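Student: Shown below is the structure under consideration.
The values are calculated or read from the model by the stated rules, or taken from the named source; none is laboratory data. Treat the numbers as computed from the prediction; the structure is a model and nothing was measured. Glycine gets a Cβ as well: all are built from the backbone with ideal geometry, and neighbour counts include every protein chain shown. Remember, those area values only see protein heavy atoms, side chains included, never the ligands or the DNA or RNA. Shrake-Rupley method; radii C 1.70, N 1.55, O 1.52, S 1.80 Å.
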Amino acid sequence: MSLGMFIAGGLIMGQLGNIFGGRRRIWLLLSSFIQTALVFAGLIIQCTVPVRQDGPAALGVIACLAFSSGGQVAMGRGLKITEITTAMATAAYVDVVVDTGLLLRNNRTRNRRVLFVVTIAVGCFVGAFAEREISSTFALLWCAVGKTVVTLSFLFNRRIEK
């Protein structure tokens, strides 16, 4: 379910991005809105059905989150910001350590990659704490809040190609 929906999200959202223009502001808003709506849909399923690790409700949550993730990767690729892989932290780690300008004082590419890796690491610890100490629903709620903030940020980013 997870891999299939991830690929479906990448395929559908990626091809729509190709049609509408992967760097166009309206597409970024729409794509991010769809991703966010899917995270909220997963959250709603989890809030309305008793939390279990198997069964149709669990598969529904996985489907929503996996499709959203595939769409996020497709959107990230469409932006052509190669320093941020959006899906594979391991690739980001390797990209940092093999950077020919790793020790240069001013290296925007390295700085983006390092910030990306640090953000992922912090997010993992915060998410693990939230899931373990409170609940998976709480962790998913914060994921939805974060996606909402990103979606709203596209409204104010004037540097995006129109």
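Student: Show the residue pairs meeting these rules: Cβ distance below 8 Å; 6+ apart or different chains; first residue within the range 106-120 and among the β-branched types (Val, Ile, Thr); second residue open to solvent by less than 50 Å² (accessible area, probe 1.4 Å) and assigned to a helix (DSSP H, G or I).
Tutor: Cβ pairs passing all conditions: Val114/Val96; Val117/Ala89; Val117/Ala92; Val117/Val96; Ile120/Ala89; Ile120/Ala92.
Student: Still on this structure, I have one more. Out of curiosity, is Gly123 modelled with pLDDT of 90 or more and of a type outside the set (Val, Ile, Thr)?
Tutor: no
Student: Shifting gears a bit: Hey, can you tell me all the residues within the range 129-148 that are within 17 Å of Leu65 (Cα to Cα), without any contact (Cβ under 8 Å) to a residue 40 or more places away in the chain and either in contact with a Lys or Arg (Cβ under 6 Å, 6 or more places away or on another chain) or of a type in the set (A, V, I, L, M, F, W, C) (or both)?
Tutor: Phe138, Ala139, Trp142, Val145 - these are the residues of the range 129-148 that are within 17 Å of Leu65 (Cα to Cα), without any contact (Cβ under 8 Å) to a residue 40 or more places away in the chain and either in contact with a Lys or Arg (Cβ under 6 Å, 6 or more places away or on another chain) or of a type in the set (A, V, I, L, M, F, W, C) (or both).
Student: Looking at the range 75-90, is at least one residue open to solvent by less than 50 Å² (accessible area, probe 1.4 Å) and touching a residue at least 60 places away in the same chain (Cβ under 8 Å)?
Tutor: yes
Student: Report those helices (runs of 4 or more DSSP H) wholly inside the range 1-103 carrying at least 1 residues which are in contact with a strand residue (DSSP E or B) (Cβ under 7 Å, 6 or more places away or on another chain).
Tutor: Of the helices (runs of 4 or more DSSP H) lying wholly inside the range 1-103, none has at least 1 residues that are in contact with a strand residue (DSSP E or B) (Cβ under 7 Å, 6 or more places away or on another chain).
Student: Against the condition outside any loop (DSSP other than H, G, I, E, B), aromatic (Phe, Trp, Tyr) and either touching a strand residue (DSSP E or B) at 6+ places or on another chain (Cβ under 8 Å) or open to solvent by less than 60 Å² (accessible area, probe 1.4 Å) (or both), how does Phe116 come out, does it pass?
Tutor: Values: outside any loop (DSSP other than H, G, I, E, B): yes; aromatic (Phe, Trp, Tyr): yes; either touching a strand residue (DSSP E or B) at 6+ places or on another chain (Cβ under 8 Å) or open to solvent by less than 60 Å² (accessible area, probe 1.4 Å) (or both): yes.
Spelling it out, Phe116 is indeed outside any loop (DSSP other than H, G, I, E, B), aromatic (Phe, Trp, Tyr) and either touching a strand residue (DSSP E or B) at 6+ places or on another chain (Cβ under 8 Å) or open to solvent by less than 60 Å² (accessible area, probe 1.4 Å) (or both).
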